[in-house]
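Just below is one structure, and these are the notes that go with it.
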Amino acid sequence: MKLKIIGSHKILYQGDIISIIAPGYQGYFQILKYHAPFISILKSGFLKLELKKEKKDIKIEGGLLQVKKNIIVVIL
């Protein structure tokens, strides 16, 4: 899957991932390959990324996440 995380003035991350776990208002949720189209508001917490060779946590204060055709866009 492709992921792009956009901050207020720059792209914070762009690349391929295996999965992402994000803090939604109803709790954390996971996005895997071939997920149905989806939009969610994010609350403060951590975006947990699983990459091919490592895992990465990114602290956020809220935002918006969209999934469509294996492309995930997070706007912070």
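Derivation of every value follows stated rules applied to the coordinates shown; laboratory data play no part. As the structure is a prediction and not an experimental result, all values here were calculated from the model. Cβ placement follows ideal geometry from the backbone for every residue including glycine, while neighbour counts extend to all protein chains displayed.
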Count the DSSP beta bridges whose two residues both fall in the chain, then state the antiparallel fraction as a percent rounded to the nearest 5. 85
So if I place +1 on the C-beta of Lys and Arg and -1 on the C-beta of Asp and Glu, and nothing else carries charge, what would the dipole magnitude of the chain be about its Cα centre? I want it in debye, nearest 20. 200
Which residues in region 52-76 place their backbone N less than 13 Å from a point set 7 Å from the Cα of residue 8 along the Cα-to-Cβ direction? 61-62, 76
Check each of the trypsin sites (Lys or Arg not before Pro) in the chain and keep only those in coil by DSSP with at most 14 other C-beta atoms within 10 angstrom; list them in order. 10, 33, 52, 53, 69
Within 9 Å, Cβ to Cβ, of residue 18, how many net charges do the neighbouring residues add up to if Lys/Arg are +1 and Asp/Glu are -1? 0
What range in the chain is the longest one free of chymotrypsin sites (Phe, Trp or Tyr not before Pro) that are in a loop by DSSP and have at most 14 other Cβ atoms within 10 angstrom? 35-76
Each label point is 7 Å from the Cα along the Cα-to-Cβ direction; what then is the distance between the points at residue 69 and residue 36, in nm? 2.0
